[in-house]
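The values are calculated or read from the model by the stated rules, or taken from the named source; none is laboratory data. Note that the structure is a prediction, hence the values are computed from the model and not measured. Using ideal geometry, Cβ is built from the backbone for each residue, glycine included, and neighbour counts are taken over all protein chains shown.
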Amino acid sequence: MSADAFAVALGKGLQLRSHVLRTALVFGLAFGVAQAVMPLLGWLLGSTFAEAIAPFDHWISFGLLALVGGKMIWEALTPDPPADAEHPGHVHDTEAYSAREVVLLAIATSIDALAVGVSFAFLDIDVWVAITAIGLVTFVLSFVAVLIGYRIGTQFRRPAEILGGLVLIGLGTQILIEHLTA
């Protein structure tokens with residue numbers, strides 16, 4: 001689930017000239033909190049309607065995870081838009097990122113986590129452990145991605161997105177098989 005946040009943080013790291021650690025911390029915290037809050041909201045929505053949906057909850061979980069995973073794979077395989085012709089190779093300093101932009105990017109990269117959170121309502125898991133793990137992993141990956149982006153580049157963005165999508169589809173398939181064979 002952290003692949004989108006990782007990719008965005010990596011891209012932002014590529015644009016930095018200074019304030020790398022501060023930017024890594026800001027993006028890590030923003031993305032980590034958003035990735036933890038969204039599945040919690042999804043879980044609350046799913047829990048509210050759990051009794052009515054219980055007979056086909058496994059299909060919902062499978063569908064949501066397959067859609068999110070498929071979207072990640074699709075985005076990884078879709079070519080990036082052409083670079084800005086007006087400012088090719090333009091490098092931004094960290095001051096170019098407003099708090100509003102960071103919040104919008106954090107929300108945009110965590111929308112998929114809302115759908116995953118809905119599936120939590122139908123699974124026998126401790127939601128607090130799950131959202132804590134999601135938030136911490138996203139924080140660490142986003143923090144490290146800014147540093148990697150600053151140092152190396154975007155070589156691994158697409159493979160990470162593809163792997164993340166395959167993992168989500170696999171998880172959804174496992175849930176479906178477990179419920180259908182139980």
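Contact annotation: residue pairs with Cβ atoms under 8 Å, 6 or more positions apart or on different chains, pairing a residue in segment 157-182 that is among the hydroxyl-bearing types (Ser, Thr, Tyr) with a partner that is buried (at least 19 other Cβ atoms within 10 Å of the Cβ) and assigned to a helix (DSSP H, G or I), are THR173/PHE62.
Wholly within segment 1-116, which helices (runs of 4 or more DSSP H) include no fewer than the required count, namely at least 3 residues that are modelled with pLDDT of 75 or more and surrounded by 13 or more Cβ atoms within 10 Å (Cβ to Cβ)? Output list reads 3-14, 20-48, 57-77. Among the residues that make up segment 121-132, is at least one of them under 20 Å from ALA7 (Cβ atoms) and at pLDDT 80 or above? Scanning segment 121-132 turns up no residue that is under 20 Å from ALA7 (Cβ atoms) and at pLDDT 80 or above. Of note, GLY172 does not satisfy the criterion of being in contact with a Lys or Arg (Cβ under 9 Å, 6 or more places away or on another chain), small (Gly, Ala, Ser) and crowded, with 21+ Cβ neighbours inside 10 Å. Considering only segment 119-129, state which residues are over 15 Å from GLY69 (Cβ atoms) and either polar (S, T, N, Q) or assigned to a helix (DSSP H, G or I) (or both). Of everything in segment 119-129, those that are over 15 Å from GLY69 (Cβ atoms) and either polar (S, T, N, Q) or assigned to a helix (DSSP H, G or I) (or both) turn out to be PHE120, VAL127, TRP128, VAL129. Scanning segment 151-165 for residues that are surrounded by 15 or more Cβ atoms within 10 Å (Cβ to Cβ) and either outside any helix (DSSP H, G or I) or at pLDDT 85 or above (or both) yields THR154, PHE156. Scanning segment 117-150 for residues that are surrounded by fewer than 22 Cβ atoms within 10 Å (Cβ to Cβ), over 19 Å from SER47 (Cβ atoms) and of a type in the set (Ser, Thr, Tyr) gives a single hit, TYR150.
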